[in-house]
Amino acid sequence: MLSKDVCFNIDSVGQRCLDEVCDFRGILALLSKNKNFAEDIWDRVPMLEGGGYVSRGCDAESVVYASGAKEFLLRLYRDAHNDYFIQPNIGRYLFFQRLCLLELSHHYWHNQVAESVSSELTIPLPEIRVSKLNDPLLKFTASPRLVTLVKNHMVKPDEMAVEILKQMRKMRPDADSQKQEIETIVSVEVENFLTDLAKRFSISGEPPLITSDQRFSPETCSEIIDRLELDAYNPTPVLDLLYKELTEFLSRSREREWGKIIFKDSKFTFLLRDDAFKIPVISSINEDLWVSL
Amino acid sequence: MAIVRLLHLSDLHIVRENRLLYQINGLSVYDPDALRALAQFVHVNRDAIDAILISGDIAHAGLRSDLSRAVEFFVSPGGFSPGEPWLDAKRKPTLKTFQKPIIVVPGNHDRYDGRLGLPNGKLFDGYFSSFWRPHGGAIQPFSLPDENDALLTIICADFTLETFKDCVPFGHWGQGMVYRKRLLKLIEHTRQINSTKPNSAIIWMLHFAPKFEDHCQLNFFMRLLDSDSLIHQAEKTGVQYLVCGHTHHYAIYKTGTNQAVKIHCAGTSACIVGTEDTSIHLLEIETAKSSVEKFRCVPLWWNPAQLIFQTVRTN
């Protein structure tokens, strides 16, 4: 059996993420840590909507490269993203943004925005750390750009909108259920990953290279990273789950619909059923299955 | 009499990144294994399919990141993996080996403008310009097997929202609208095909499933507004068949005053969330003298245990 410490080549994970760090988390971290620098970035970006997202004109990567501060960003990124995978997430971020937009809309139609916001130039979400995105009621100061956005796009909230807003405020993210979700996802992805290996084997007839020198091969690592979108600087929670799932999958060698994989003496053996992974050929589809409309 | 065989796909919801995070939040985004199986099915059956129809929501959002990833699925060269020509150099699935027409129409997600999901994003038009070249911004006819010898014309209509103000609050994420101007264009194109291509039958393709709520449950925020006028005009112009998606649920139903309009609503072809119908659909359309004589279909269902699409539903 592979031991845990040789299962994953963390260096390769790290390297990959060094190459791909320029995503919204990096931008968010950047905005959260250094306002002057963020303003500098802000001026370089044709359009930033809703606080930190680059949506038109250029992508996040070009912003960061244009800034010439990749290393700086990397440092900020490492600091800011702790437990990112488990805690804050896109859904909450979007939810939070929508809430902000609604709040602004509400204020706008009550003529409060002009005095309280538009005179002050602020960067959206400058003070909001990634880890604080859990709180949907966090105070938010809108930038003039966002106010303009609201003015241009939002309709006057009617009773229904106000009611929905109230409901949204009551919502609270549930960290435990999210953790459980992640466990389920890891489990499913491991199942799918190994099933896909078996499927590839059925096509090519050649066993895929899963391990190399008692480590998972770079291809295997790369695929797992890709499937699980592993976070380079804090992969531990997911890697632990992944390790558990992989060892369980391999040690039990339970039979699947397509056959099974046996892992013995550091070797993988694929046993496939004759009818495994058969793709339907149109000409052979049973006439009875066709439905006339 | 001629038979045209189509593969109807819908609601792929391809994203560049953070797929799992979307999934954790219960949002429908594509599953890479399903997309790979889809590309494999197309490749294996490429000689038996005359064209692929995709009725919208190809990308999860109209962002550069998602749209660029989505368009890679269509144009990225394949053939780098031995025995798996449906995979590109990065082992991502591609339809590039399918050398016949791929006909698309944008959905509401393809038109999301920015992360807030504002309507009327225009990036889709640029990224998919090889596939979506509408006349007047919203209508695109596509004749099969080719323009000069048309047996069947698919007229695609984009009824995504132009502005927030056209829907109820919060409706902009999921609603569509049958705009009068676009509907008139659709009618104009239909009449034009009738007169210029007398041998061609016509079906309409749009993203939103009209009157779906009369047959299956559909959240109000997901509906096509003013779909009565669309159905009325379909009846009036003699268009009997509409293909669409959006609901992520497979349904075939009849609507209109005389139940003369038949709708084929595909499920989602690549999302695997909960009770949604992950499926792809073969359509066989028999045409004669400019009318559809026979329209039959068979769904192929996602089998998560074998990562393939098959005729038997297992989940």
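A short reminder: the numbers here are calculations on the coordinates, not readings from a lab. Just so we're clear, the structure is a prediction, and the values are computed from it rather than from any experiment. Note that we place each Cβ from the backbone using ideal geometry, even for glycine, and neighbour counts take in every protein chain shown.
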Extension length gain for residue B:228 and residue B:191 (0.36 nm per residue less Cα distance), in nm, is 11.3 nm
Given B:44-50, B:150-156, B:77-83, the highest-first ranking by average Cβ count within 10 Å works out to B:150-156, B:44-50, B:77-83
Across segment B:198-307, qualifying lysine pairs (alpha carbons under 18 Å, at least 8 places apart or different chains) come out at 8
Taking a crude spin-label model, label points 7 Å out from Cα along the C-beta direction, the residue B:293 to residue B:5 distance in nm is 1.8
PRE zone check, label point 7 Å out along Cα-to-Cβ of residue B:133, amide N under 17 Å, scope segment B:203-217, hits none
Computed about the Cα centre, the charge dipole of segment B:1-103 from +1 Lys/Arg and -1 Asp/Glu charges at the Cβ has a magnitude in debye, to the nearest 20, of 220
For B:303-310, A:244-251, B:230-237, ranked highest to lowest by mean beta-carbon neighbours within 10 Å, the order is B:303-310, B:230-237, A:244-251
At R0 = 35 Å the Cβ-Cβ FRET efficiency linking residue B:305 and residue B:199, nearest 0.05, sits at 0.15
The residues A:195, B:257, sorted from fewest to most surrounding Cβ atoms within 10 Å, come out as B:257, A:195
Output ordering of B:157-166, B:185-194 (per-residue mean of other Cβ within 10 Å, highest first) is B:157-166, B:185-194
If the chain between residue B:149 and residue B:99 were fully extended at 0.36 nm per residue, the gain over the current Cα-Cα distance would be 16.2 nm
In nm, the gap between the two label points placed 7 Å beyond Cα toward Cβ at residue A:264 and residue A:191 is 2.6
With no solvent term and unit scatterers on the alpha-carbon positions of chain B, Debye gives log₁₀ I(q)/I(0) at q = 0.09, 0.12, 0.14 Å⁻¹ of -0.40, -0.75, -1.05
Here FRET efficiency (C-beta to C-beta, residue B:184 to residue B:44, R₀ 45 Å, nearest 0.05) is 0.60
Over all pairs of different Cα atoms in segment B:47-142, the reciprocal of the mean inverse distance gives a Kirkwood radius in Å of 14.1
A correct Kirkwood calculation over the Cα atoms of segment B:127-245 returns a hydrodynamic radius in Å of 15.0
Rounded to a whole number, the mean other protein chain Cβ count within 10 angstrom for residues of B:233-239 is 0
